[in-house]
1. Would you mind finding the one in D204, D192 that is of a type in the set (D, E) and in contact (Cβ under 8 Å) with a residue 24 or more places away in the chain?
2. Could you grab me the full set of residues in the stretch 389-409 that are over 20 Å from Y313 (Cβ atoms) and either among the small types (G, A, S) or surrounded by fewer than 17 Cβ atoms within 10 Å (Cβ to Cβ) (or both)?
3. Of all residues in the stretch 284-314, which are open to solvent by less than 50 Å² (accessible area, probe 1.4 Å) and either touching a helix residue (DSSP H, G or I) at 6+ places or on another chain (Cβ under 8 Å) or free of Cβ contacts under 8 Å to residues at least 24 places away in the same chain (or both)?
4. Within the stretch 120-129, is there a residue that is outside any loop (DSSP other than H, G, I, E, B) and in contact with a Pro (Cβ under 7 Å, 6 or more places away or on another chain)?
5. Out of W281, W256, W239, which single residue is among the aromatic types (F, W, Y) and open to solvent by 10 Å² or more (accessible area, probe 1.4 Å)?
6. Just one of the numbered conditions (1) over 26 Å from C457 (Cα atoms); (2) among the polar types (S, T, N, Q); (3) open to solvent by 10 Å² or more (accessible area, probe 1.4 Å) is not true of S130; which one?
7. Can you spot a residue in the stretch 186-202 that is among the β-branched types (V, I, T) and either surrounded by fewer than 22 Cβ atoms within 10 Å (Cβ to Cβ) or modelled with pLDDT of 95 or more (or both)?
Amino acid sequence: MSNLLTSRQAEELHKSLIAYLSSCNYSQSAQALRTELNLPNTTFDAPMCKKYEGLLEKKWTSVVRLQKKVMDLESKASQLQHELDSATPTSLAARKNHDPSTWLPRAPARHTLQSHKNPVTCVAFHPVFSSLASGSEDCSIKIWDYELGELERTLKSHTKAVLDIDYGGPRGNTLLASCSSDLTIKLWDPADEYKNIRTLPGHDHSVSSVRFIPSGAAGAPLSGNLLASASRDKTIRIWDVTTGYCLRTLRGHADWVRALAPSPDGRWLLSTSSDQSARMWDLGQPDSNALKQTFAAHEHVVECCAFAPASTYPHLAALAGLKKAPPASSSAEYLATGGREKVIRIFAINGICIKTLTGHDNWVRALVFHPGGKYLLSCADDKTIRCWDLAQEGKCVRVIEAGDHFVSCLRWAPSVWKDALPASGDGLQVNGNGTAANGVGAKGKEDGAGSKEVIRCLVACGSVDLNVRVFSA
């Protein structure tokens with residue numbers, strides 16, 4: 001008899017084996033086992049045998065389930081140990097006190113928002129109110145209250161998949177822009193129940209990205225009114241949202257233009273393309289001379305890009321081997337790109353790749369720099385969000401399981417600026433990088449008001465699993 005089982009457990013197992021063999025019509029094997037164990041039909045009769053039927057299978061499947069649970073817990077323990085090994089005194093203190101400058105999202109999500117009928121392609125936070133917009137391949141845009149986790153309204157006007165959305169526009173008059181495979185860009189007014197106030201036709205193929213250009217862009221009278229769009233027709237267009245006119249068309253990419261990112265001051269525009277390059281445009285120059293730099297280190301489609309905020313300069317300068325960081329007043333010193341190579345590349349403005357971050361197992365779909373400057377966040381088709389510590393040479397310090405399918409989009413809620421609010425309270429404009437779109441920097445240099453950036457610990461992502469997830473402190 002095995003030393004692992006008590007005599008009673010062994011007897012139960014023997015009876016279960018006989019019942020299993022009998023139920024499977026292996027009568028000879030069952031009888032041989034009865035004889036071997038001295039359990040004749042008189043001692044272990046048919047009604048009693050019936051009671052033991054299925055017991056062996058139940059035990060067997062429960063062991064498999066428990067093994068899976070043990071493996072999942074071991075994986076989670078390993079992940080937590082990795083976080084612990086990567087922790088610094090600063091990050092541990094930040095976790096305890098929720099220091100916004102070093103806060104990072106962690107699973108599970110605070111809210112999982114469900115209503116879309118097809119994959120979610122894009123998300124965007126309202127700069128002032130607790131509203132989150134999401135766009136989907138179901139042709140709709142949904143507006144959520146991210147604090148309550150409730151659906152507020154659904155916007156329907158596009159006739160094909162919504163590919164990107166962004167909040168912005170003239171100061172005191174925030175608009176929502178959306179673009180679609182139906183070749184159009186639409187403008188919605190949140191102050192008028194999200195009425196579709198304008199449709200901008202002009203692109204010859206799917207419009208894949210839209211971004212409001214922050215105030216401070218060249219051509220001061222139009223500051224705050226400018227919207228950039230990228231398309232599969234290989235062009236980038238700049239629009240005046242007040243009149244609906246296309247002001248200029250930037251050409252240079254040899255294939256589908258995938259994503260856009262304006263610099264915090266609105267002077268520079270970054271674009272990525274299926275031509276395996278990222279390009280930087282100077283919006284202060286005429287079209288013929290606007291292309292400033294081409295970043296060509298990628299070997300596959302470049303899906304996403306982001307300008308690094310000034311708060312990252314000390315860390316990125318160290319990565320670049322510089323002893324002194326560039327001045328914070330410079331709006332475009334470093335940038336990050338990601339794509340189908342499954343890697344993220346960080347570039348200096350001269351076109352040199354200073355760091356390649358590897359870790360994702362599938363296409364990288366979106367990038368966002370932490371407003372505090374210490375981290376870069378990315379999401380990918382490997383169903384995760386990854387957090388890279390720029391102060392530790394880009395080490396991956398957290399992996400968040402952020403969906404049951406590809407994670408297609410990621411946004412950090414824009415910062416708010418204390419002492420920069422007008423009396424009405426609705427004039428605060430902030431761009432997607434967490435920098436005030438009215439040109440006010442963290443130190444309030446432009447208006448002398450000493451405005452202070454307040455980082456919001458709030459991140460949202462969308463997935464092919466049809467869900468929008470909100471992570472918060």
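The values are calculated or read from the model by the stated rules, or taken from the named source; none is laboratory data. Note that this is a predicted model, so its numbers are computed, not measured. Cβ placement follows ideal geometry from the backbone for every residue including glycine, while neighbour counts extend to all protein chains displayed. Surface accessibility is based on the protein's heavy atoms, side chains included, excluding ligands, DNA and RNA. Shrake-Rupley method; radii C 1.70, N 1.55, O 1.52, S 1.80 Å.
1. D204
2. E401, A402, G403, D404, H405, S408
3. Of everything in the stretch 284-314, those that are open to solvent by less than 50 Å² (accessible area, probe 1.4 Å) and either touching a helix residue (DSSP H, G or I) at 6+ places or on another chain (Cβ under 8 Å) or free of Cβ contacts under 8 Å to residues at least 24 places away in the same chain (or both) turn out to be A308, T312.
4. yes
5. W256
6. Going through the list (1) over 26 Å from C457 (Cα atoms); (2) among the polar types (S, T, N, Q); (3) open to solvent by 10 Å² or more (accessible area, probe 1.4 Å), S130 breaks only (1).
7. Yes - at least one qualifying residue is present in the stretch 186-202.
Matching residues to (1) at pLDDT below 80; (2) out of contact with any Leu (no Cβ under 6 Å at 6 or more places or on another chain); (3) of a type in the set (A, V, I, L, M, F, W, C):
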residue	(1), (2), (3)
D99	no, yes, no
R106	no, yes, no
A124	no, yes, yes
V128	no, no, yes
S134	no, yes, no
Y146	no, no, no
